[in-house]
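Please read the structure below before turning to the comments.
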Amino acid sequence: MPKKLFNINKAIALAPMEKVTDISFRLLCKKFGADIVYTEFINAEGLIRNSIKSKKKMTFFPDERPIGIQLYGALDSSMEKAAKLAEELQPDLIDINAGCWVRNVVGQGAGAGLLKDLKNLYKIVNTVVKAVDLPVTVKTRLGWDEKSIEIIETAKIIQEAGAQALTIHCRTRSQAHDGTPDYKWISQVKNAVSIPIIVNGGITTPQIARDVFLSTGCDGIMIARGAINNPFIFKEIKYFMETGTLLPPPSLPERVNLLIEHLKYSVEFKGERRACLEIRKHYSGYLCDAPNISKLRMKLMGFTEAPPIIETLLDYQNHRLQFEESDDQPH
Ligand SMILES: Cc1cc2nc3c(=O)[nH]c(=O)nc-3n(C[C@H](O)[C@H](O)[C@H](O)COP(=O)(O)O)c2cc1C
């Protein structure tokens, strides 16, 4: 008998995101109020071949709980073995990816490819449920394309297979990450199944978050791109839901401090050089409204060690570092 899933009640989850939701980013989002976090998706075949990269992605810290390890694969036998390996780390749940749109994943019949073979989706979920004592959940999409939205049938199959919660990215596979999410299916899904439903897709502001909760009756919401460079969003949503008023946007010093904290976590978990290279993709986002951002970014890009990055950021924040006036527009 698998363990019962923790209570999902108006939870705000950080979505699994490859190359984004590593330990450092998950810890930041947790600090700002993410109620559930997930690892990046992990290839079941890689894991059972003992791939170091796949194993590393499963690592997490107790402070991150509740955390889900997300797996993807097309074969029930591989998913069974991979789930048992993931279980050794005792996450709070194992999540099965049935939504990834990327061609090489779908081409193997995994991710959203499972939406083309619901029998296999059932088999995979049921096999994993029987293989581990942990709660198993699924993340999927509305359907393959707008002509084949079968989310109600799919949700019933997933529940019958033994999954204890379902996240629905309210876009189809053919929409990839673009296009307007269609939340209207969720209330019908809620009527059709009893497991908790988490809604994902396009939730980027506190107002949208509240509207999604109210209009769908969902048990939780999940944020992906809205959290990149803005881990404050979890706090912003909770504050808005409690008070009906918006928090002021984070100030530049708050953003600079967050960037430094992100870098420090990253150095701790990945090593200095890798952390300094990977943090580069976050400069524009965290410093989005900073004056002279291009010049600042250019200076920061020259460093591959953490101390000069931190010093430059602090000098900038404390006005010790001045750039000549430029045409930079905040963006
Ligand atoms: C960079 C990036 C990586 C992603 N990686 C994963 C992943 O590993 N597993 C997964 O289930 N979804 C993944 N997704 C999809 C997101 O979890 C989410 O379903 C999608 O971005 C829609 O949510 P949003 O509109 O809030 O961004 C990824 C999305 C992005 C942008």
Could you look through the range 181-217, keep only residues that are under 24 Å from Glu40 (Cα atoms) and touching a residue at least 60 places away in the same chain (Cβ under 8 Å), and pick out the one that is farthest from the ligand (Cβ to nearest atom)?
-> Pro196
Could you look through the range 1-22, keep only residues that are charged (D, E, K, R) and over 16 Å from Gln90 (Cα atoms), and pick out the one that is surrounded by the most Cβ atoms within 10 Å (Cβ to Cβ)?
-> Asp22
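Residue-by-condition table, conditions (1) basic (Lys, Arg); (2) over 21 Å from Arg171 (Cβ atoms); (3) in the same structural domain as Tyr239 (by TED's automatic domain parsing):
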position	(1), (2), (3)
Leu5	no, yes, no
Glu18	no, no, yes
Tyr38	no, no, yes
Ala44	no, yes, yes
Leu47	no, yes, yes
Thr59	no, yes, yes
Arg65	yes, yes, yes
Leu71	no, yes, yes
Within the bounds of the range 173-188, is there any residue that is open to solvent by 30 Å² or more (accessible area, probe 1.4 Å), out of contact with any strand residue (DSSP E or B) (no Cβ under 9 Å at 6 or more places or on another chain), assigned to a helix (DSSP H, G or I) and hydrophobic (A, V, I, L, M, F, W, C)?
-> no
Among what's in the range 218-273 and is aromatic (Phe, Trp, Tyr) and out of contact with any Cys (no Cβ under 9 Å at 6 or more places or on another chain), pick the residue that is nearest to the ligand (Cβ to nearest atom).
-> Phe232
When residues of the range 23-56 are limited to those that are within 18 Å of Asp92 (Cβ to Cβ) and among the acidic types (Asp, Glu), the one most open to solvent (accessible area, probe 1.4 Å) | Asp35
Which one of Val102, Val125, Val106, Val132 is β-branched (Val, Ile, Thr), in the same structural domain as Glu80 (by TED's automatic domain parsing) and without any contact (Cβ under 8 Å) to a residue 12 or more places away in the chain?
-> Val102
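The values are calculated or read from the model by the stated rules, or taken from the named source; none is laboratory data. Just so it is clear, the structure is predicted and the values come from calculations on it, not from any experiment. Because the Cβ atoms are built from the backbone with ideal geometry, glycine has one as well, and the counts that use them run over all protein chains shown. SASA here: full protein model, heavy atoms, side chains in, ligands and nucleic acids out. Shrake-Rupley method; radii C 1.70, N 1.55, O 1.52, S 1.80 Å.
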